[in-house]
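Undergrad: Quick one: the structure is below, questions incoming.
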Amino acid sequence: MSSKLKSIETKHYEERDAFFRNLAHLSRRDFFRLAGISAGAALAKGLVTPHSFQLIDVAQAVETAGSAPLEGAGGKAPFSFAYISDTHLYEKTLNDRFVRSILKAVDDVNALDPQPDFVLFGGDLAQLGAAKELELGRQILKEVKAPVKMMVGEHDWFLDMGEKWREMFGEPTYAFDHKGVHFVTLMSVNEEDFWTPRGYTPEQRMHTVAGLDNGIQGRFRVGDEQREWLKRDLAKVSKSTPLVVFSHSPLYKYYRNWNFWTEDADEVQAILKDFKQVTVIHGHTHQLLSNNIGNIQFHGLLSTAWPWPYAPEGLPKLTVQMSRPNPFDQFDGCGDGRMNVLAGGAVDALYNLWDRNPVTVRASFLKSNGASDSPSAPVAASY
């Protein structure tokens, strides 16, 4: 491969390997001096040591425990749902760290009191779409106490074009009603066929789609067929009914080079624009991400596997960026969370960042374009 074209994953691992090579040349005295400086910097910024007892802000601890729903302008939330997303499971013999992470998330949502009405799985259950990866994820998710609503991601799909997913979980596009809210789950990671002209095997197709910033694959799209399905589904729904849309990729155009992007997002937004209250919940970006476009509020989901850095351009201005994760803490920057559906159908998002204080992004903050109810600012630099 040309040195001029490296994926962000390759660059990350090269930088990490260089760091550890240089660390090996430190003298004992210099090592302890560096460790002392790092600890002092962490304390100065209010950071906590990973995997140790840590205090949680009292105002947010109640939200984390789930002992009471959040309150919005319309009163207490009529219900909540939790989420687990982007677990990227390999076979357990190849990578047990990601298995430990999804088990941690299952423990989190099972410990919520009261229990959520359901749990959304936000896509990318598997890493390379293999049957054993998907089966491992299915068996783990069976341990979730609440009902689980599944959403597909590109890592689950492009090995066999969704054959195993459909066999295990059913059709990826569906709708349901719950306590006065209409929910829609879209398969937003369709791509135009780049593999047939190149004669790719299913494995080559999957590995290409699994890369973040290669120039071979196209951009994700909902597609003509699903947009027509969405029009037919919503034709039966009153414009005053709150909508919550689940899509793996963000239904707006964030950063094209990394496929943090949905090519036909504008067309989907046009279908939703006449409804009074719309919230889109998406996975894929592995980060705390918030946006507001017209009548639509957007909340991104955390990953249990790893956090992506924020893109160099296109970041929605309402995003309160989470701090740069600690590379020595496998859980830092990862997590799960809960969505509280308020009276009127707006959604407050609680980000349960592991080894950190949780962050709540309220619908009122997004609707006011940041003028009210701002989330807590991060205590360290973003990345």
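The values are calculated or read from the model by the stated rules, or taken from the named source; none is laboratory data. All values reported here derive from a predicted model rather than from experimental measurement. Note that we place each Cβ from the backbone using ideal geometry, even for glycine, and neighbour counts take in every protein chain shown. Keep in mind that these areas ignore ligands, DNA and RNA; they rest on the heavy atoms of the full protein, side chains included. Shrake-Rupley method; radii C 1.70, N 1.55, O 1.52, S 1.80 Å.
Undergrad: So if I check each of ASP177, ASP213, which one is in a loop (DSSP other than H, G, I, E, B), open to solvent by 30 Å² or more (accessible area, probe 1.4 Å) and either of a type outside the set (A, V, I, L, M, F, W, C) or more than 25 Å from TRP308 (Cβ to Cβ) (or both)? Full working, then the answer.
TA: Details: ASP177 fails: in a loop (DSSP other than H, G, I, E, B).
Checking each option against the conditions leaves just ASP213.
Undergrad: Give the residues of the range 341-383 that are in contact with a Lys or Arg (Cβ under 6 Å, 6 or more places away or on another chain) and more than 27 Å from PRO312 (Cβ to Cβ), sorted by residue number.
TA: Selection gives ASP348, LEU350, ASP373.
Undergrad: So, LEU103, is that one assigned to a helix (DSSP H, G or I), open to solvent by 60 Å² or more (accessible area, probe 1.4 Å), farther than 29 Å from LEU243 by Cβ and aliphatic (A, V, I, L, M) or not?
TA: yes
Undergrad: Here's something else I'd like to know. For a quick check of your reading of the model, give me the residue pairs whose first member lies in the range 80-93 and is without any contact (Cβ under 8 Å) to a residue 12 or more places away in the chain and open to solvent by 10 Å² or more (accessible area, probe 1.4 Å), whose second is among the aliphatic types (A, V, I, L, M) and in a strand (DSSP E or B), with beta-carbon atoms closer than 6 Å and at least 6 apart or on different chains.
TA: none
Undergrad: Could you tell me which numbered condition VAL320 fails, if it satisfies all but one of (1) closer than 24 Å to PHE118 by Cα; (2) within 17 Å of the chain's Cα centre (by Cα)?
TA: (1)
Undergrad: If PRO327 meets every condition in (1) open to solvent by 10 Å² or more (accessible area, probe 1.4 Å); (2) under 18 Å from the mean Cα position of the chain (by Cα) apart from one, which number is that one?
TA: PRO327 satisfies all of (1) open to solvent by 10 Å² or more (accessible area, probe 1.4 Å); (2) under 18 Å from the mean Cα position of the chain (by Cα) except (2).
Undergrad: Could you tell me which of the residues LEU342, LEU288, LEU315, LEU350 is surrounded by 20 or more Cβ atoms within 10 Å (Cβ to Cβ), at pLDDT 95 or above and closer than 30 Å to GLY223 by Cα?
TA: Result of the check over LEU342, LEU288, LEU315, LEU350: LEU288.
Undergrad: Further question: Tally up the residues in the range 246-264 that are aliphatic (A, V, I, L, M) and surrounded by fewer than 23 Cβ atoms within 10 Å (Cβ to Cβ), please. Spell out how you get there, then give the answer.
TA: Initial filter on the range 246-264 (aliphatic (A, V, I, L, M)): 251.
Next, from what is left, pick out any that are surrounded by fewer than 23 Cβ atoms within 10 Å (Cβ to Cβ): none.
Number satisfying all stated conditions: 0.
Undergrad: Within the range 280-310, work out how many residues are over 15 Å from the mean Cα position of the chain (by Cα) and outside any strand (DSSP E or B).
TA: 2
Undergrad: Tell me which residues, restricted to the range 264-273, are part of a loop (DSSP other than H, G, I, E, B) and in contact with a helix residue (DSSP H, G or I) (Cβ under 9 Å, 6 or more places away or on another chain).
TA: Scanning the range 264-273 gives a single hit, ASP264.
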